[in-house]
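This report concerns only the one structure given below.
Values in this text are rule-based calculations from the coordinates and carry no lab data. Computed from a prediction, not measured in an experiment: that's the story for all the values here. Quick reminder, even Gly has a Cβ in these numbers, built from the backbone with ideal geometry, and neighbours come from all protein chains shown.
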Amino acid sequence: MAPINFQLHPAVTFNNKGFHNPARYERYLNHFRHRPLYPSFTALPSSFQKYDLDISGLIHNLGWDSLFENRRFSQCPEAVRMFYTSLKRGPGPSPSSFTTVVYHHEILVTPSLLAEILGLPSQGSSAATNDDFAEIRFDYGSALESLTLDIGRYYSNMLSAGRLADLFKVMHFFITCILLPRSVSSTELAHPSDVWIMANALDRVRLNYSSLMFAHMIKYGDENYSGPLPFGPQITRFLYSLGIDLSDKIIVCDIREDLKAQHILARVDASVGRRKHVICSGGEQSVVSSTQLVHALLDAASVALDQQIQSIKSKELCNLEYCKEQIDLAKEADLGGFQEKEEDGVSDYESPPEYEF
């Protein structure tokens, strides 16, 4: 049932439009029916503290801590696709509202309504589009320069996220894959909205997340875009809270909760927590941890001592055997410490998850 809130009553009206409109139904079949939904990732900002990357601090500066309190909810793919199919922008370059029709319910959507229904952070600046940034004279070039660490390196595209310092590479991942998700191919670039968010996080300025989410949604009603649709769980919960009955619809849970800090660090090519590549006998690259390299060196030392033991005088045998015992003990101690770190989720050398992220 819809919440008892008289301010929300005008948001939903019953008018029999739905897919009784042939043009809208054709648009749904041709452009939205098979569009994938973006999965939900549950990476924790606090897991980067051990790498001296204060992602939690940046998110707190924006006033967005609550966005990570509960990300475990399901989605109704059909309703989400219908939501985007019928999306109509409001007037002007920066519309303050849009309408959509889902299961014959016409819905007027505004940033404030999203914030109220979903409990989204709504304090701070409401700038959310390139036009908004230009109006407030946001200097994109200077802001990007304050976030980059690309001295002596050349990037063919000024927007490349590879230019960012490690802290902001990870923050950029959180923005583009969790907070305002978009297609994987597009996450390689630092768009103006990304730089706007990171620059304000650095300056400890709060931003209105509901405005950014609203502006981000509008882009995906374009039938020329074929990538995954974002905010599936949020839209599903939004529709349900407005009293739209989804009880007889297919509900799915697509949560990627095994993504760890070292996976993200490897994904963004950070200088910390990285896998180390060595050249094998066949000339091919393989991933070998520093612990494995230490073990290899210790094994080589152990073999060398074995060879010497066979050729030296008996009076030196005890000393060399003692050395060999110490090497074996060092190997066991090092291996035990490595296994303990893996169990604690600290290892930088775990295999990546079996999905694209």
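Overview of values
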| item | result |
| --- | --- |
| Low-density loop cleavage sites - trypsin sites (Lys or Arg not before Pro) in region 31-136, where at most 16 other Cβ are within 10 Å (DSSP) | ARG33, ARG71, ARG72 |
| Whole-Hz couplings from phi, Karplus 6.51/-1.76/1.60, listed for region 137-147; x for Gly and Pro | 6, 6, 8, 4, x, 5, 5, 5, 4, 6, 9 |
| Pairs beyond 21 Å (Cα-Cα), from LYS88/LYS249; LYS169/LYS260; LYS50/LYS260 | LYS88/LYS249 |
| Residues with amide H under 5 Å from that of GLU106, placed H, sequence gap 5 or more | THR13, ASN15 |
| Region 123-229 - Debye-derived log10 I(q)/I(0), Cα point model, q = 0.22 Å⁻¹ | -1.33 |
| Cα-based shape type of region 95-145, given that a ≥ b ≥ c are square roots of the gyration tensor eigenvalues and the cut on a/c is 1.5 | prolate |
| Per-residue ³J(HN,Hα) for region 104-118, Karplus 6.51 cos²θ - 1.76 cosθ + 1.60, θ = phi - 60°, Hz, x for Gly and Pro | 6, 9, 8, 10, 9, 10, 9, x, 5, 5, 4, 5, 5, 6, 9 |
| Theoretical gain in end-to-end length, ASP269 to PHE357 [0.36 nm per residue, Cα-Cα removed] | 30.3 nm |
| Cβ charges +1 (Lys, Arg) and -1 (Asp, Glu), total dipole of region 132-248, debye | 280 debye |
| Within region 124-189: Cβ-based charge dipole about Cα centre, in debye rounded to nearest 20 (Lys, Arg +1; Asp, Glu -1) | 220 debye |
| Tail fraction, Cα-Cα pairs, region 79-188, threshold 18 Å, whole percent | 67 percent |
| Virtual spin-label span in nm between ASP254 and GLU188, 7 Å along Cα→Cβ | 2.3 nm |
| Residues with amide H under 5 Å from that of ARG256, placed H, sequence gap 5 or more | SER40, PHE41, THR42 |
| Residue-span extension gain [SER160 to GLU69] - 0.36 nm each, minus C-alpha spacing | 29.7 nm |
| Whole-Hz couplings from phi, Karplus 6.51/-1.76/1.60, listed for region 48-65; x for Gly and Pro | 9, 4, 5, 9, 6, 10, 8, 5, 4, x, 5, 5, 5, 4, 7, x, 10, 4 |
